[in-house]
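The values are calculated or read from the model by the stated rules, or taken from the named source; none is laboratory data. Everything numeric in this text was worked out from a predicted model, so none of it was measured. Here Cβ is always computed from backbone atoms with ideal geometry, including for glycine, and neighbour counts include all displayed protein chains.
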Amino acid sequence: MKRLLVLSLVVLTLVGCTNTNQGELVGVRKKTKQFYHPDPYGMVFVPMGSYTMGVGGQDITSGYTVQPRTISVSAFFMDETEITNNEYREFVHWVRDSIARYRLAEAGIEGFRITENPKTGEIYDPGYLNWETKIEWNSPEQDVRDALEDMYLPEHERFFGKKEIDTRDLFYQYFWIDLQAAARKEFKEGVSYDYLNAGLSNRPQGLTDRSVYIRSEQINVYPDTLAWIHDYAYSFNDPLTEKYFWHVAYDNYPVVGVNWNQAKAFCVWRTEKLNRYINSQKGETTLSEYRLPTEAEWEWAARGGNQLNPYPWGGPYTRTSQGCFLANFKPLRGNYIADGGLRTLIVAHYPSNDWGLYDMAGNVAEWTNSAFDPVSYNYAWDMNPNYTYNAKADDPEIMKRKVIRGGSWKDIAYYLEVSTRAYEYQDTAKCYIGFRCIQPYLGRNKGDDPSKASRVYN
């Protein structure tokens, strides 16, 4: 017995010695392989950089209120084209299918709810939706048809008796953390505190319940296809209203009729889609969220490394030396087809800028993350500047203005300039506004070799 006890102590001692750091500071993370930010599919890298942000030479009036200034922007990835109808349709279909699966699970249809972990036996209550089971939209089973019936338009609303999904019910709910409110140490929404007189050292340290900073959004995701008609009186755009979003002929055209709230929801869904895959891969590290670009990021990306030229392609003119137009816009006093288009065109129809980004001028204008204020340049910080405001439904209309950039198929050349600002209201959808996403780069700059980046750590 004594020998056994001694032997046990020796074993424990040896085991303990193998894991010791000898009392020195070594950090908590185990030695792992170096992290490299992978290139997201369909995105191009935009390096960090500095440029002079401000109005162009043609906007004399704004030049009196907005002073050009040098700003710096971190590195990020950006969609090489605007989000297309086909890409946005994946979002719509996911929302549709999630609602269908929930209804089938609530109806007790077998295979649509996971209530137990098959490996550990852990019970899930109320359980998770099972995305592996196929949805039979035309199932012969009456209970399946009954569960899905409310997703379709009622019979009296069906055109020519056609059975269609009621797109008015396609809502996507998500949650986000209001870091701005948390940074301001807000105790309650709508309540202000005298931080200035209290002094920085005496600012409240936040709440005991962090859930007050969690915000919930519920957004209908289906584009406003009627935008093609209501944006322009006395113009025959009915075919685009009826076909543009869902017909295969327009798969690779930029999605339009999407308001700012819907574009933001798409970014959240895209992030969740990526994270679900990453979490399913053992040992993988999560990446940055997808989001709309700030106004400063958008302009830096559009410039393509060219500091002084007014257009993304780098020159001062809208045509090549052969006389061909370089973007889809409104040239020659309204000769829309002079540039090869009429309304929107398939994405990447024209050459890219020097960073490989297409349609940063023309085709459709693009939502940014930034709120619009005529003089925001004057008070925003010079590193990653962004003036933003998450307007609520009952806020004044002036607080709902969001910056749009790049100009569109219906705009004159001035709106195609990289420095030109415009705005639209966040809850409106237009047939000339689309969007693209960015993903912030995790690190300093692409191309850094972690093994050589530090003189100590590698």
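Quick look at the values:
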| read-out | value |
| --- | --- |
| Some residue of segment 130-150 being assigned to a strand (DSSP E or B) and either loosely packed, with under 11 Cβ neighbours inside 10 Å or in the same structural domain as SER98 (by TED's automatic domain parsing) (or both) | no |
| Answer from ALA327, ALA302 - the residue that is of a type in the set (A, V, I, L, M, F, W, C), surrounded by 23 or more Cβ atoms within 10 Å (Cβ to Cβ) and outside any loop (DSSP other than H, G, I, E, B) | ALA302 |
| ASP427 being assigned by TED's automatic domain parsing to the domain that holds LEU345, under 28 Å from ARG319 (Cβ atoms) and either part of a loop (DSSP other than H, G, I, E, B) or at pLDDT below 95 (or both) | no |
| Qualifying residue in segment 261-273 (condition: in contact (Cβ under 8 Å) with a residue 60 or more places away in the chain, of a type outside the set (A, V, I, L, M), in contact with a Pro (Cβ under 9 Å, 6 or more places away or on another chain) and closer than 28 Å to GLN180 by Cα) | yes |
| Lone qualifier among LEU357, LEU308, LEU345 - being more than 25 Å from the chain's Cα centre (by Cα) and among the hydrophobic types (A, V, I, L, M, F, W, C) | LEU308 |
| Filter result for ARG291 (in contact with a helix residue (DSSP H, G or I) (Cβ under 7 Å, 6 or more places away or on another chain) and within 18 Å of VAL403 (Cα to Cα)) | yes |
| Condition met for ILE114 (aliphatic (A, V, I, L, M), over 20 Å from HIS93 (Cα atoms) and not in a helix (DSSP H, G or I)) | yes |
| Complete set of residues in segment 418-448 that are among the charged types (D, E, K, R) and closer than 26 Å to GLY42 by Cβ | GLU424, LYS430, ARG436, ARG444, LYS446, ASP448 |
| Residue check, ASN138 in contact (Cβ under 8 Å) with a residue 12 or more places away in the chain and among the polar types (S, T, N, Q) | no |
| Tabulated pairs, segment 431-458, first part of a helix (DSSP H, G or I), second at pLDDT 85 or above, C-beta under 8 angstrom, 6+ apart or interchain | ALA453/ARG444 |
| Test set (1) assigned to a loop (DSSP other than H, G, I, E, B); (2) more than 25 Å from the chain's Cα centre (by Cα) - ILE337 fails condition number | (1) |
| Residue count, segment 149-174 (criterion: of a type outside the set (S, T, N, Q) and touching a Ser or Thr at 6+ places or on another chain (Cβ under 8 Å)) | 1 |
| TRP409 vs. criteria assigned to a loop (DSSP other than H, G, I, E, B) and in the same structural domain as ALA327 (by TED's automatic domain parsing) | yes |
| Candidate set from segment 225-260 (those that are touching a residue at least 12 places away in the same chain (Cβ under 8 Å) and among the aliphatic types (A, V, I, L, M)); member that is farthest from MET43 (Cα to Cα) | ILE229 |
| Cβ-Cβ under 8 Å pairs, at least 6 apart or on other chains, segment 378-401 side in the same structural domain as ASN259 (by TED's automatic domain parsing), far side surrounded by 11 or more Cβ atoms within 10 Å (Cβ to Cβ) and basic (Lys, Arg) | ASP382/ARG69; ASN390/ARG215; ALA391/LYS400 |
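For every residue, the table says whether it meets (1) more than 18 Å from ASN85 (Cα to Cα); (2) of a type in the set (D, E, K, R); (3) in contact with an Asp or Glu (Cβ under 9 Å, 6 or more places away or on another chain); (4) not in a helix (DSSP H, G or I).
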site: PHE236; (1), (2), (3), (4): yes, no, no, yes
site: LEU240; (1), (2), (3), (4): no, no, no, no
site: LYS264; (1), (2), (3), (4): no, yes, yes, no
site: SER288; (1), (2), (3), (4): yes, no, no, yes
site: PRO293; (1), (2), (3), (4): yes, no, yes, yes
